[in-house]
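Input: a single structure, listed below in structure tokens.
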Amino acid sequence: MTENDLIKKCKKGSREAFNILFSRYRSQVVNIAYGMLSDKEDAYDAAQEVFIRVYKSIESFKEQSSFATWLYRITANVCSDILRKRQKNSNVISINQALDEKKELDIRDDSPTPEESMELSERQKAVREAISSLKEEHRIIITLCDFEGLSYDEISEVLSIPAGTVKSRINRARNALKKKLMEKRELF
């Protein structure tokens, strides 16, 4: 069944069609949310909110852009809302967040030495921390371009900004990320 068929069925109220769309896009939405929020639990919560919004507003999808673009725009908006709420409550620390900061990442590593595994873990942690310290506009650009592989035109649609702005933001975001990572040069 094509995506357009699924969307038409969703608009008529088919839960089965919605479940298929959910299955197809769940991991991408979680990945984008994780890239923006840097917290697994928040990413899953954001994804849940995204799909609730999609379910409630699928009838308003005009099919002028691709479904994925519309979905990623909703994801970016939900994550931006969460980030704004975080800033308002920045003096409040979640128990889950405190536990996650002390918890090691479970990274599947086929190399035989524990040293290599630890080095990789520290590099990934440094990259994750560097990305999460970027401004919101840089974080979403890096996530959509470098982790999700969206084209400049797709990012332009998702963020409702011109393609030229996408290019310049990607350049600025990568430079900012590079600067942050250079502070931990010994890991790279």
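The values are calculated or read from the model by the stated rules, or taken from the named source; none is laboratory data. Since the model is a prediction, treat every value here as computed from it, not as a measurement. Cβ atoms come from the backbone with ideal geometry, glycine included; neighbour counts cover every protein chain shown. Note: areas computed on protein heavy atoms with side chains; ligands, DNA, RNA excluded. Shrake-Rupley method; radii C 1.70, N 1.55, O 1.52, S 1.80 Å.
Tabulated results
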quantity	calculated
Principal axis dimensions, the chain - Cα atoms, whole angstrom, descending	55, 39, 35
Of the GluC sites (Glu not before Pro) in region 13-74, those whose Cβ has at most 15 other Cβ within 10 Å and which sit in DSSP loop	E63
Folded to 0 to 90 degrees: helix 40-57 orientation relative to the chain principal axis, Cα	10
Linear extension gain, K178 paired with S160, 0.36 nm per residue minus alpha-carbon span	3.9 nm
Dipole moment magnitude, nearest 20 debye, region 110-161 about Cα centre, only Lys, Arg, Asp, Glu C-beta charged	220
In nm, spacing of pseudo-spin labels at V127 and K11 (7 Å Cα→C-beta vector)	4.0
0 to 90° range, to nearest 10: angle between helix 114-132 axis and the chain longest Cα axis	60
Probe 1.4 Å - accessible area at E186, Å² to nearest ten	150
22 Å Cα-Cα reach of K167 towards lysines, excluding residues that sit fewer than 8 places from it in its own chain	K135, K178, K179, K180
Positive-end residue, the chain charge dipole about Cα centroid, Cβ charges, pick of A163, S117, F22	A163
Residues of type lysines that K56 reaches as a straight line, Cα spacing below 30 Å, ignoring anything fewer than 8 places off in the same chain	K8, K9, K11, K12, K40, K85, K88
Principal-axis tilt of helix 15-37 within the chain, Cα atoms, nearest 10 degrees	30
Cβ charges +1 (Lys, Arg) and -1 (Asp, Glu), total dipole of the chain, debye	840
